[in-house]
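Accompanying notes for the structure given below.
The values are calculated or read from the model by the stated rules, or taken from the named source; none is laboratory data. In this text, all values refer to a predicted model and were calculated from it rather than measured experimentally. A quick note on method: Cβ atoms are made from the backbone with ideal geometry, for glycine too, and the neighbour counts reach across all protein chains shown. Note: areas computed on protein heavy atoms with side chains; ligands, DNA, RNA excluded. Shrake-Rupley method; radii C 1.70, N 1.55, O 1.52, S 1.80 Å.
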Amino acid sequence: HLGDFEGLSDTYLTNNNLVIPVRFSAVQSGHYALSAQLYAGRRPIALLQAEQRLTTGSDTIDLKAHGTVLAGLKLQGTLTLSHLQIRKLPEKPGNRTHYGFGPEQGFSFSPPDLDRLRDTPASDPESEQRAALLQQLADKF
């Protein structure tokens, strides 16, 4: 038993992402990976994943659905986060990975207004800067 899913906190939008905070009460502190499927009615929208270090007791893991997945969807009613799977990752190589699962019915929620989300690819300014630097170095040879 890894712990208990305690539901969702209020969802919100930031940096072209819908953030879905999942509350989980871990029995042991450690590094955890959470995955879940996001549905609109019976239609799957996205597989969401996040990894995070959790302490013992109640904590939150933020799952993010990017705007490219949600922009332009004509959503009516609630979204559902289901098929939740949490893994406690091994502390060192050779140790076992332990698994836990969320409630079968998942968690339904009313998302904030998704009209602000855009269908533009995610960007990572640091990666772009590194790529430009490597290109400059390569051009010198």
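Rolling a 1.4 angstrom probe over the chain with all protein chains present gives an accessible area of which 47% lies on carbon and sulfur atoms. Using the Cβ-Cβ distance between Arg96 and Ser25 with R0 set to 22 Å, the FRET efficiency works out to roughly 0.55.
Per residue, how much accessible area does the chain have with a 1.4 Å probe, in Å²?
On the way: 9130 Å² over 141 residues.
Dividing the accessible area of the chain by its residue count gives 65 Å².
The shape of the chain comes out oblate: with a ≥ b ≥ c from the C-alpha gyration tensor, a/c is at least 1.5 while a/b does not beat b/c. Applying the criteria of a DSSP loop state and at most 10 other Cβ atoms within 10 Å to the trypsin sites (Lys or Arg not before Pro) of segment 59-108 yields Lys74, Arg96.
Determine the shape class of segment 17-96: with a ≥ b ≥ c the square roots of the Cα gyration tensor eigenvalues, call it rounded for a/c under 1.5, and otherwise prolate if a/b is greater than b/c, oblate otherwise. Don't skip to the end; give the middle numbers.
Values: a/c = 2.63, a/b = 2.27, b/c = 1.16.
Prolate shape, in that a/c is at least 1.5 and a/b is the bigger ratio.
Rounded to the nearest Hz, the phi-derived 3J(HN,Hα) couplings of segment 89-97 under the Karplus curve 6.51 cos²θ - 1.76 cosθ + 1.60 (θ = phi - 60°) are 6, x, 6, 8, x, x, 6, 7, 8, where x marks glycine and proline. Converting phi to 3J(HN,Hα) with the Karplus coefficients 6.51, -1.76 and 1.60 and the offset θ = phi - 60°, segment 6-14 yields 10, x, 10, 8, 4, 7, 8, 10, 7 Hz in sequence order, with x at every glycine or proline. Pick from Thr14, Thr60, Thr80: which residue has the top mean-square fluctuation in a GNM of the chain where Cα pairs under 10 Å get a spring? Evaluated over the chain, the most mobile residue of the options is Thr14.
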